[in-house]
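The values are calculated or read from the model by the stated rules, or taken from the named source; none is laboratory data. Treat the numbers as computed from the prediction; the structure is a model and nothing was measured. Note: ideal-geometry Cβ built from the backbone for every residue, glycine included; neighbour counts use all protein chains shown.
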Amino acid sequence: MKPQLLIGNAAVARGAYEAGVRVVASYPGTPSTEITESIVQYPDIYCEWAPNEKVAAEVAIGASIGGARAMTCCKHVGLNVMADPIFTAGYTGVNGGLVIAVADDPGMHSSQNEQDSRHYAEAAKCPMLEPADSAECLAYTKAAYALSERFDAPVFLRLTTRVAHSQSLVTLSEPEDAPLKDYRKDPAKYVMTPANAIRRHVSVEERTLALKAFAEETELNQVIGSGAKIGVVCAGISYLYAQEALGDQADYLKLGMVWPLPEKKLSDFVQAHETTYVIEQLDPFIEDHAKALGLRVIGKEAFTLLGEYTAAMIRAIVLGVNDAPAPKASPVPVRPPVMCAGCPHRGTFYVLKKLGLTVCGDIGCYTLGAAPPLSSIDTTVCMGASIGAALGMAKARGPEFAKKLVSVIGDSTFIHSGITGLIDVVYNKGINTVIILDNSITGMTGHQDNPTTGKTIRGEATKQVDLELLAKAVGISRVRVVDPFDVKAMEAAVKEEVAADEPSVIIAQRPCALLKYVKYSGHCRVDADACRNCRVCMKLGCPALTVREGRVVVDPTQCNGCGLCVNVCPFHAITKEAE
């Protein structure tokens with residue numbers, strides 16, 4: 001077939017298709033989201049958005065035990081959520097091949113930490129492959145399935161943001177014939193009671209020894225170049241950066257399999273060079289293993305633990321040549337992230353800021369409520385943490401503090417991991433108020449459907465979770481739905497619920513302004529004669545509102561006519577204009 005340009009994530013999806021994968025279950029999370037979204041184009045593959053990564057992993061594990069090749073995809077923090085079933089799947093092994101595609105985010109472009117997923121491979125005692133470009137994304141995905149079935153193990157496929165989202169040429173092939181394997185009852189293998197798990201652990205350690213031998217012989221780990229005095233040990237995108245920086249001035253041990261590491265090949269390579277650098281983003285994973293073998297390598301004492309690397313950085317450190325472009329005399333002004341014009345969350349945060357409440361936040365577009373001028377969010381830890389964190393704060397500081405405290409959590413995040421937190425509030429007699437920001441979609445990761453939208457990943461109609469009934473079912477008596485753009489009603493609702501001596505849920509319900517069916521009309525304008533220049537409207541942080549020559553004006557190119565500013569203006573100086 002003719003080569004095509006594909007981003008790494010789409011190449012992984014193609015690799016899964018060519019490997020004969022039958023079941024894919026994931027939860028969206030940048031930079032991994034497009035793997036699952038790309039798999040949707042292959043109608044023969046069952047594909048789903050699960051409520052969270054743990055459930056997604058369990059679906060994939062079940063499909064594997066059932067005889068199908070399966071995949072689950074997540075970002076690095078999503079791997080934390082699915083760790084429980086994945087670690088035990090390392091003991092049970094597989095029937096059909098099982099691949100866990102995880103995308104790390106060096107530089108934290110869209111994440112709350114920079115964790116390094118390679119540690120999971122070692123801890124779970126499951127092999128991990130790491131491609132450097134889109135062609136390898138496809139090839140390594142297929143190799144991962146062969147490896148999974150050969151060694152009876154789940155296999156991690158690790159990407160990083162630049163590999164996941166950059167494009168390179170990929171040659172496509174026809175899919176393999178990977179028939180559904182027979183399923184047979186085998187509780188000794190798949191029922192992990194302690195007695196069975198003890199025996200399976202023996203198999204895991206035997207498998208690890210076999211994998212270490214495989215790491216020495218596989219073409220996934222290769223030496224590139226010969227005769228240079230400088231050696232570079234690297235993997236993934238770091239290999240491309242190093243090769244761009246150093247060219248043939250260095251030899252490279254390119255590791256396509258980053259766990260287990262090929263100890264003899266690594267040792268031989270280091271001993272063959274006068275100086276060897278280990279170039280790897282994030283943690284000194286390879287470096288620590290090399291030094292544990294007594295090898296003299298240069299790693300994090302020269303390179304940073306923080307963020308992404310560049311070819312210029314590597315060239316400067318290894319060759320002492322600083323040819324990075326000089327900064328421009330007039331740098332581009334910083335443009336901080338901001339909620340979109342018409343964002344339904346803006347009205348909620350305006351009210352919370354006005355009331356001076358302590359707000360435990362969560363992961364989603366609405367995390368931007370922490371930024372000025374809304375400056376409403378006090379804490380953000382991980383998916384679902386807003387509810388448990390607020391309960392903990394209330395228990396620590398007492399009921400009076402609880403009445404000045406709310407949790408905010410998106411509809412998709414609530415389904416992901418907020419329900420159990422709400423149950424905890426009810427069960428342990430909390431009086432917390434939880435605001436579910438229901439914008440009818442999973443917003444931050446690019447408008448994926450979820451159990452509250454009534455549609456599957458393929459847009460098919462399905463049962464829709466009713467958030468009101470769900471909240472009542474777990475024991476919340478005080479549940480109310482409010483339009484966050486009705487700021488008076490929203491303010492009244494928040495005041496009443498935080499004052500109550502029992503837990504409550506407010507569902508702030510308005511769809512995301514970027515959804516195709518959301519059609520606001522016209523735009524807003526400021527009547528200069530009526531405006532008192534109080535600038536209450538500027539507290540909304542709407543990108544369409546700005547100050548020019550000392551007066552508030554509306555930029556009609558950004559305004560979508562949502563009308564929130566009309567609702568907050570105390571002097572009725574802002575009006576809605578027709579198209």
Go through 38, 26, 32 for me and flag whichever is within 19 Å of residue 175 (Cα to Cα), in the same structural domain as residue 98 (by TED's automatic domain parsing) and not aliphatic (A, V, I, L, M). 38
Might you let me know whether segment 96-106 holds any residue that is assigned by TED's automatic domain parsing to the domain that holds residue 211, in contact (Cβ under 8 Å) with a residue 12 or more places away in the chain and surrounded by fewer than 24 Cβ atoms within 10 Å (Cβ to Cβ)? yes
May I ask you to list pairs of residues, at least six apart or on different chains, whose Cβ atoms are under 6 Å apart, with the first in segment 269-291 being under 19 Å from residue 230 (Cβ atoms) and assigned by TED's automatic domain parsing to the domain that holds residue 236 and the second being part of a strand (DSSP E or B) and of a type in the set (S, T, N, Q)? 270/276
Here is a list of conditions, (1) in contact with a Pro (Cβ under 6 Å, 6 or more places away or on another chain); (2) within 17 Å of residue 208 (Cα to Cα); (3) surrounded by fewer than 18 Cβ atoms within 10 Å (Cβ to Cβ), and residue 155 meets all of them except one; can you say which number that is? (3)
Hits in segment 481-512 - residues which are touching a helix residue (DSSP H, G or I) at 6+ places or on another chain (Cβ under 6 Å) and more than 10 Å from residue 433 (Cβ to Cβ): 482, 484, 485, 487, 490, 491, 507, 508
Looking at (1) within 12 Å of the chain's Cα centre (by Cα); (2) at pLDDT 95 or above, which is the only condition residue 55 fails? (1)
Does at least one position in segment 213-225 carry a residue that is at pLDDT below 95, outside the structural domain of residue 119 (by TED's automatic domain parsing) and either assigned to a loop (DSSP other than H, G, I, E, B) or crowded, with 21+ Cβ neighbours inside 10 Å (or both)? yes
Is one or more of the residues making up segment 362-381 farther than 26 Å from residue 564 by Cβ and either not charged (D, E, K, R) or not assigned by TED's automatic domain parsing to the domain that holds residue 417 (or both)? yes
Filter segment 438-492 for residues that are under 23 Å from residue 27 (Cβ atoms) and charged (D, E, K, R); which is nearest to the chain's Cα centre (by Cα)? 449
If you scan segment 451-483, which residues turn out to be of a type in the set (A, V, I, L, M, F, W, C) and either closer than 23 Å to residue 502 by Cα or out of contact with any Pro (no Cβ under 8 Å at 6 or more places or on another chain) (or both)? 457, 461, 467, 469, 470, 471, 473, 474, 476, 479, 481, 482
What is the residue count in segment 303-323 for residues that are assigned to a loop (DSSP other than H, G, I, E, B), within 22 Å of residue 108 (Cβ to Cβ) and either of a type outside the set (Val, Ile, Thr) or in contact (Cβ under 8 Å) with a residue 12 or more places away in the chain (or both)? 7
Kindly establish whether residue 251 is part of a strand (DSSP E or B) and among the charged types (D, E, K, R). yes
Could you run through segment 226-242 and say how many residues are touching a strand residue (DSSP E or B) at 6+ places or on another chain (Cβ under 7 Å) and in a helix (DSSP H, G or I)? 4
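Residues are listed down the side, and each one gets a yes or a no for (1) within 19 Å of residue 544 (Cα to Cα); (2) part of a loop (DSSP other than H, G, I, E, B); (3) of a type in the set (Asp, Glu); (4) out of contact with any strand residue (DSSP E or B) (no Cβ under 6 Å at 6 or more places or on another chain):
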{"residue": "471", "(1), (2), (3), (4)": "no, no, no, no"}
{"residue": "479", "(1), (2), (3), (4)": "no, no, no, no"}
{"residue": "489", "(1), (2), (3), (4)": "no, no, no, no"}
{"residue": "495", "(1), (2), (3), (4)": "no, no, no, yes"}
{"residue": "518", "(1), (2), (3), (4)": "yes, yes, no, yes"}
When you scan segment 321-340, do you find a residue that is in contact with a Pro (Cβ under 6 Å, 6 or more places away or on another chain) and modelled with pLDDT of 95 or more, even just one? no
Starting from residues that are part of a helix (DSSP H, G or I) and touching a strand residue (DSSP E or B) at 6+ places or on another chain (Cβ under 7 Å), keep the ones in segment 372-409 and report whichever is surrounded by the most Cβ atoms within 10 Å (Cβ to Cβ). 386
Scan segment 150-191 for residues that are part of a loop (DSSP other than H, G, I, E, B) and among the polar types (S, T, N, Q) and jot them down. 166, 171, 173
Any hit, segment 83-93, residues being in contact (Cβ under 8 Å) with a residue 60 or more places away in the chain, within 24 Å of residue 384 (Cα to Cα), in the same structural domain as residue 12 (by TED's automatic domain parsing) and small (Gly, Ala, Ser): no
